[in-house]
Amino acid sequence: MTDNQLLKEKHVEYIINLDKKKEDFEYWVTEHLRMNGMYWGLSALSILNSIDKMNKEETIEWVLSCQQPNGGFSGNNQHDDHLLSTLSAVQILLQFDALDRLNIDAVVDYVVSLQQPDGSFFGDRWGEVDTRFTYCAVSILSLLNKLDKINQDKVVEFIGKCRNFDGGYGCLPGAESHAGQTFTCIGTLAILHRLHEIDIDTIGWWLCERQLPNGGLNGRPEKSSDVCYSWWVLSSLSAIDRLHWIDQDKLRSYIIDCQDQETGGIADKPQDLPDVFHTFFGLCGLSLMGYYNLEHIDPVYALPTKTLRKLKHLNLTWNKH
Amino acid sequence: MHGVLKVKTSEEKARELKLKELEKIKEYQRITTKFNEFRSQEDEFYEEKSLDESKIVLENNPEYYSIWNYRRSVLEYLEKNREHDEMQTLYKNEMKFIEECIQRFTKSYWIWFHRKWISLKLDKCDWERELKLCSKLLDLDLRNFHCWSYRRFILKHSGIPLTQEFDYTTKKIEQNFSNYSAWHQRSSLLTKIYTEPSELASKLKEELEWVRNAVYTEPKDQSSWVYHKWLTGTLKPIVATTEYKDILKSELGPITELMELEPDCKWPLYISLLLKLEIGEYPKDQLLQDIQLLIKLDPYHINYYKSLENKI
């Protein structure tokens with residue numbers, strides 16, 4: 001592919017047809033991920049200015065049906081609650097302007113109950129700790145304007161403990177730096193207005209070194225490139241105002257090469273099968289870099305900037321759009 | 001979906017594959033439906049049978065997190081109704097089951113968490129054996145971060161000396177200088193083992209000697225350079241300024257030699273530039289020239305290198 005064309009219509013087609021893939025084994029073994037999948041698909045449509053293609057009422061009803069008695073949301077009906085799916089549920093409802101139909105107090109109580117004395121968060125009552133869950137908790141509470149319900153200083157302290165020798169961040173204190181976890185930690189600090197805690201030169205350099213000669217980005221040194229890092233790495237660079245430290249044209253070509261010319265959708269690597277996760281993150285990368293007139297996505301909340309602008313209590317200091 | 005190549009097939013072959021796919025779906029649905037029926041009837045009065053019935057779903061789909069939760073609920077329930085020894089046997093069996101799953105699905109967050117949860121229920125977990133399991137898995141995939149993470153969990157709960165793990169990182173790095181995960185583990189161990197600044201400083205100086213072999217052998221690999229950058233940065237606040245500058249100057253010599261051997265490699269040039277900027281005694285033109293050369297060798301990162309001009 002040399003003309004760098006973004007197949008917008010095909011991608012819209014691909015996403016709205018995802019729920020018809022019931023003849024794929026993958027559809028069934030990812031049932032528990034449906035809430036995340038819905039968020040990825042819906043937000044991809046938002047970026048493509050086609051959110052109206054989704055059945056709004058049906059989706060809202062389904063999302064609300066996944067709220068559990070403890071206030072958290074499950075990944076699908078008949079699954080258990082988790083912070084990962086709870087954030088996606090809030091993000092979906094927000095994009096449909098339907099937060100007024102949400103039992104907000106129950107969600108807030110759920111999130112607050114998962115914070116630990118050291119500032120970290122459990123993902124659910126079973127006690128797994130990960131910086132991904134910290135991000136989910138902080139993002140949810142911030143979107144719902146309830147950040148005052150948790151100990152924010154402790155959150156920042158915990159994130160600080162997850163910082164490594166290369167300036168990046170991992171899942172837990174002592175865990176190797178990973179671009180995904182770096183996004184969650186930088187995102188958390190940004191939401192809490194504590195970006196000054198970051199050593200920008202060190203992490204900015206580590207992040208821009210994720211770009212490989214093929215233009216794509218990897219998530220850790222000496223690994224291969226993957227479209228999802230067009231989000232995890234790029235959003236982190238954008239939040240610390242260092243997007244220009246990578247070669248954006250090269251990355252654009254890489255993402256474009258990962259499109260499926262026949263079915264639409266974007267894959268992890270050129271020639272691979274597409275999926276909704278990589279479609280969303282590929283589009284996010286293109287949106288952040290300002291190509292193709294896409295709807296702008298906020299690098300910290302992973303939601304369209306125009307949606308976030310409606311929430312007057314947010315102060316997106318890192319976002320010039 | 002990661003790394004699933006799209007393959008072109010004939011129509012006949014495609015039909016055949018589709019039939020197989022439908023068979024697979026049917027079988028999976030049969031398994032999950034059977035389990036859900038069983039579950040709806042037991043009404044949270046669990047028995048050992050609950051563990052048996054849920055096994056098969058996880059063997060087919062280890063990402064089905066609610067069923068891992070279910071197994072822990074069953075065990076929590078049984079704990080209130082069974083003798084201690086009986087429970088210990090159940091936990092040991094669970095460890096065996098997880099071990100089978102983990103070898104097939106090495107990167108599932110849910111399985112690794114379940115193993116941590118069960119291991120802490122055992123009266124006496126065989127932590128040495130757990131470490132060996134990790135080593136075996138890391139021989140197959142040296143960058144599996146779940147596995148490295150589990151090693152740190154073992155160290156925390158077992159009392160196995162950190163120096164033993166430090167020696168393991170030495171072995172892994174010597175096997176393959178590109179093992180960034182091992183370099184990372186080493187960096188985090190050093191500051192835990194040597195808590196006294198003077199002890200740490202002398203160990204870090206030893207490490208500078210040790211890392212030299214790696215950068216000389218694999219100069220294009222960033223792993224050892226990142227480690228080198230960390231070593232000098234960590235030394236800065238714990239040694240006197242004059243000593244710090246002397247250390248940097250003595251590093252500069254061999255790195256400059258390496259630049260001559262590897263004129264197309266950006267790493268020795270980049271690290272030497274950082275050292276020079278830290279030492280602060282080099283003429284501006286020379287530093288600007290280094291930056292220009294870096295841009296020539298690595299044009300993708302032009303804006304990053306240009307940002308270094310502000311540090312001169």
Considering the range B:106-123 alone, what residues qualify as being part of a helix (DSSP H, G or I) and over 10 Å from residue B:92 (Cα atoms)?
B:109, B:110, B:111, B:112, B:113, B:114, B:115, B:116, B:117
Pick from B:288, B:293, B:235, B:258: which is assigned to a helix (DSSP H, G or I), under 23 Å from residue A:203 (Cβ atoms) and not small (Gly, Ala, Ser)?
B:235
Can you name the residue in the range B:152-172 that is assigned to a helix (DSSP H, G or I) and more than 14 Å from chain A (Cβ to nearest Cβ) and, of all such residues, is surrounded by the most Cβ atoms within 10 Å (Cβ to Cβ)?
B:168
Selected residue (criterion: nearest to residue A:226 (Cα to Cα)) from residues of the range B:1-54 that are surrounded by 12 or more Cβ atoms within 10 Å (Cβ to Cβ), of a type in the set (Lys, Arg) and facing chain A (nearest Cβ under 10 Å)
B:6
Do we find that residue A:251 is at the interface with another protein chain (Cβ under 10 Å from one of its Cβ atoms), buried (at least 24 other Cβ atoms within 10 Å of the Cβ) and among the hydrophobic types (A, V, I, L, M, F, W, C) in this structure?
yes
Tell me which residues, restricted to the range A:163-202, are aliphatic (A, V, I, L, M), in contact with an Asp or Glu (Cβ under 8 Å, 6 or more places away or on another chain) and in a loop (DSSP other than H, G, I, E, B).
A:172
If we scan the range B:270-292, do we find a residue that is within 18 Å of residue B:222 (Cβ to Cβ) and touching a Lys or Arg at 6+ places or on another chain (Cβ under 6 Å)?
no
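Kindly evaluate residue A:125 against the criterion of being within 14 Å of chain B (Cβ to nearest Cβ), assigned to a helix (DSSP H, G or I) and touching a Ser or Thr at 6+ places or on another chain (Cβ under 9 Å).
In short, no.
State yes or no: is residue A:266 β-branched (Val, Ile, Thr), buried (at least 24 other Cβ atoms within 10 Å of the Cβ) and more than 12 Å from chain B (Cβ to nearest Cβ)?
no
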Kindly provide the set of residues from the range B:68-83 that are in contact with a Lys or Arg (Cβ under 9 Å, 6 or more places away or on another chain) and either surrounded by 16 or more Cβ atoms within 10 Å (Cβ to Cβ) or within 11 Å of chain A (Cβ to nearest Cβ) (or both), ordered by number.
B:69, B:70, B:71, B:75
When the residues of the range A:279-298 are filtered to those that are surrounded by 19 or more Cβ atoms within 10 Å (Cβ to Cβ) and farther than 19 Å from residue A:237 by Cβ, which remaining residue is farthest from the other protein chains (Cβ to nearest Cβ)?
A:295
Could you check the range A:222-233 and list, in sequence order, the residues that are touching a residue at least 24 places away in the same chain (Cβ under 8 Å) and under 22 Å from residue B:227 (Cβ atoms)?
A:224, A:233
For the range B:173-202, enumerate the residues that are within 21 Å of residue B:271 (Cα to Cα), touching a Leu at 6+ places or on another chain (Cβ under 7 Å) and more than 9 Å from chain A (Cβ to nearest Cβ).
B:201
Filter the range A:221-237 down to the residues that are surrounded by 21 or more Cβ atoms within 10 Å (Cβ to Cβ) and of a type outside the set (A, V, I, L, M) and list them by number.
A:221, A:225, A:226, A:228, A:229, A:230, A:231, A:232, A:235, A:236
All positions within the range A:107-116 that are surrounded by 15 or more Cβ atoms within 10 Å (Cβ to Cβ) and not in a helix (DSSP H, G or I)
A:114, A:115
Confirm whether residue A:262 is without any contact (Cβ under 8 Å) to a residue 24 or more places away in the chain and either hydrophobic (A, V, I, L, M, F, W, C) or not in a strand (DSSP E or B) (or both).
yes
Residues to consider are B:119, B:149, B:181; find the one that is in contact with a helix residue (DSSP H, G or I) (Cβ under 6 Å, 6 or more places away or on another chain) and either surrounded by 20 or more Cβ atoms within 10 Å (Cβ to Cβ) or more than 25 Å from residue B:223 (Cα to Cα) (or both).
B:181
Looking at the range B:8-21, is at least one residue under 35 Å from the mean Cα position of the chain (by Cα), modelled with pLDDT under 90 and over 18 Å from residue A:31 (Cα atoms)?
no
Out of (1) in a helix (DSSP H, G or I); (2) exposed (fewer than 14 other Cβ atoms within 10 Å of the Cβ), what's the single condition that is false for residue B:195?
(1)
Would you mention how many residues in the range A:86-97 are surrounded by fewer than 17 Cβ atoms within 10 Å (Cβ to Cβ) and hydrophobic (A, V, I, L, M, F, W, C)?
0
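The values are calculated or read from the model by the stated rules, or taken from the named source; none is laboratory data. Nothing here was measured: the structure is a model prediction, and the numbers come from that model. Backbone-built Cβ (ideal geometry, glycine too); neighbour counts: all protein chains shown.
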